[in-house]
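Structure first, then comments.
The values are calculated or read from the model by the stated rules, or taken from the named source; none is laboratory data. Quick caveat: nothing in here was measured; it's all calculated off a predicted structure. Quick reminder, even Gly has a Cβ in these numbers, built from the backbone with ideal geometry, and neighbours come from all protein chains shown. Ligands, DNA and RNA are excluded from the accessible area calculation, which covers all protein heavy atoms including side chains. Shrake-Rupley method; radii C 1.70, N 1.55, O 1.52, S 1.80 Å.
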Amino acid sequence: MTIHDLAARLRGLPPSLGPVRLIGVDGHAGSGKSTFAGRLARALDGAPVVHLDDFASHEHLFAWTGRLMTQVIEPLGRGEDGYVTPYDWRARAFGAPHPVPAAPVVLIEGVGAGRRALRPHLARLLWMELPREESWARGRRRDGVEQREFWDGWVTAEHAHFVTDPSRPHADLLVLQRPEGYEVLPGPAASPRTPA
């Protein structure tokens, strides 16, 4: 399945949140979620992408569900635009709000996009299929030496999160990055009644 085939299938799903087909892209930090979501958004003619890194903070790596519900999920569910106040990881402060349009398809990407509180609102959950150690090594290389201390804490927090609220078992589709692009396979939650 090409990324354009996937986009066409996602467009054809029934709405899952008001008028929106909310698509979660989850996986370990460093697994390529942001890059994949960006490419999928382009294939979806510029679908909005909500980055969970904009909701997390140094103090609350995973305790952002309430803010996400208030700013994005509840407004989209009413057919209204949501908003994001992105967190600046260097300044350690939240910024000015940016709109999240109630588009036909909205992508939400980041570690925890498939968490228990969000799954009822998702039309599909995609999981970036890359082992955690390889993902974390990629993330550490990407972020460099200045983020070494942050990564040490992150690894512990991410592991604890997925122990108590795993996403992969609920994924409809697994996304594997290949040299020639992406391969999309049925996920653990896929069934004959839930085509991609």
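Among the conditions (1) farther than 22 Å from LEU61 by Cα; (2) among the aliphatic types (A, V, I, L, M); (3) open to solvent by 40 Å² or more (accessible area, probe 1.4 Å), the only one that VAL175 does not satisfy is (3).
Suppose we filter region 80-94 for residues that are of a type outside the set (D, E, K, R) and without any contact (Cβ under 8 Å) to a residue 12 or more places away in the chain; how many remain? Going through region 80-94 one residue at a time, the tally reaches 2.
Screening TRP127 on (1) buried (at least 20 other Cβ atoms within 10 Å of the Cβ); (2) modelled with pLDDT under 95 shows it passes everything except condition (2). Checked against the criterion of being small (Gly, Ala, Ser) and assigned to a loop (DSSP other than H, G, I, E, B), the candidates ALA47, ALA37 yield just one match: ALA47. Reported count of residues in region 163-182, each being free of Cβ contacts under 8 Å to residues at least 24 places away in the same chain and not basic (Lys, Arg), is 6. Of the residues making up region 81-101, one or more are buried (at least 16 other Cβ atoms within 10 Å of the Cβ), of a type in the set (Gly, Ala, Ser) and in contact with a Leu (Cβ under 7 Å, 6 or more places away or on another chain). Of the numbered criteria (1) more than 17 Å from GLY27 (Cα to Cα); (2) open to solvent by 30 Å² or more (accessible area, probe 1.4 Å); (3) outside any helix (DSSP H, G or I); (4) out of contact with any strand residue (DSSP E or B) (no Cβ under 6 Å at 6 or more places or on another chain), the one PHE62 fails is (1).
For region 122-152, the set of residues classified as among the small types (Gly, Ala, Ser) and in contact (Cβ under 8 Å) with a residue 40 or more places away in the chain consists of ALA123, SER135, ALA137, GLY139, listed by residue number.
Scanning region 36-59 for residues that are open to solvent by less than 10 Å² (accessible area, probe 1.4 Å), under 16 Å from ALA113 (Cβ atoms) and modelled with pLDDT under 95 yields one hit, ALA56.
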